[in-house]
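Working notes for the structure below.
The values are calculated or read from the model by the stated rules, or taken from the named source; none is laboratory data. Note that the coordinates shown come from a computational prediction; the quantities given were computed from them, not determined experimentally. Glycine also receives a Cβ, built like all others from the backbone with ideal geometry; neighbour counts cover every protein chain displayed.
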Amino acid sequence: MRDGERELFFEGLGNIVFRKNPRARRLVIRVKPNGQVSVTIPYLVSYRRAALFVEKKADWIIRVQKKFEKNTDFKTVFNEYTEFSTVYHKVQINRYSGVQIRKERANGNLTIRIPETENIESREIQEKIRKIILDTWRGEAREILSRKL
């Protein structure tokens with residue numbers, strides 16, 4: 001967790017990440033397609049007040065989470081046969097005999113290695129794969145944009 005960040009558990013909602021932001025002007029609740037909830041808090045608003053706000057909006061949060069669960073468009077399933085390209089990399093997903101997810105970059109390839117013992121379609125593994133790919137896109141974007149600016 002970073003400074004100004006807390007994670008609290010709410011019954012029926014799960015873990016929610018609270019982030020202080022000095023530029024924020026109001027409390028903002030975001031629900032990601034994976035069901036993860038985050039709350040942006042203005043710097044002078046207490047975590048307690050933000051938690052009360054979340055409790056007040058619990059019905060809305062649950063409604064949005066259920067909407068995402070029903071909508072399968074947001075659930076990309078990565079597996080060993082998934083191949084696609086970014087600007088600089090060809091992304092491949094392979095199984096290996098290790099114990100944790102690894103990423104390897106070499107010769108324009110980004111290989112994501114998943115342990116053979118893991119269920120590749122589990123929510124946790126899918127999120128980790130998605131995070132590696134997003135981090136790769138962000139890095140490429142920084143490089144491309146810095147050259148253009």
Worksheet item: For residues in the range 1-40 being of a type in the set (Lys, Arg) and surrounded by 11 or more Cβ atoms within 10 Å (Cβ to Cβ), which is nearest to residue 69 (Cα to Cα)?
Response: 32
Fill in: Per-region count, the range 10-34, residues part of a strand (DSSP E or B) and in contact (Cβ under 8 Å) with a residue 40 or more places away in the chain
1
Worksheet item: Quick one: is residue 115 outside the structural domain of residue 12 (by TED's automatic domain parsing) and at pLDDT 90 or above?
Response: yes
Item to complete: Examine the range 121-132 for a residue that is surrounded by 12 or more Cβ atoms within 10 Å (Cβ to Cβ) and over 30 Å from residue 28 (Cβ atoms), and state whether such a residue exists.
Response: no
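Name the residue, out of 7, 80, 104, that is touching a residue at least 40 places away in the same chain (Cβ under 8 Å) and either more than 19 Å from the chain's Cα centre (by Cα) or not in a helix (DSSP H, G or I) (or both).
Numbers: 7 fails: touching a residue at least 40 places away in the same chain (Cβ under 8 Å); 104 fails: touching a residue at least 40 places away in the same chain (Cβ under 8 Å).
Every option except 80 fails the conditions.
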Worksheet item: Under 6 Å by Cβ, and 6 or more places apart or on different chains, what pairs join a residue from the range 136-149 that is assigned to a helix (DSSP H, G or I) with one that is aromatic (Phe, Trp, Tyr) and surrounded by 10 or more Cβ atoms within 10 Å (Cβ to Cβ)?
Response: 140/88
Worksheet item: With respect to the numbered conditions (1) among the aromatic types (Phe, Trp, Tyr); (2) surrounded by 11 or more Cβ atoms within 10 Å (Cβ to Cβ); (3) not assigned by TED's automatic domain parsing to the domain that holds residue 142, which one is the sole condition not fulfilled by residue 43?
Response: (2)
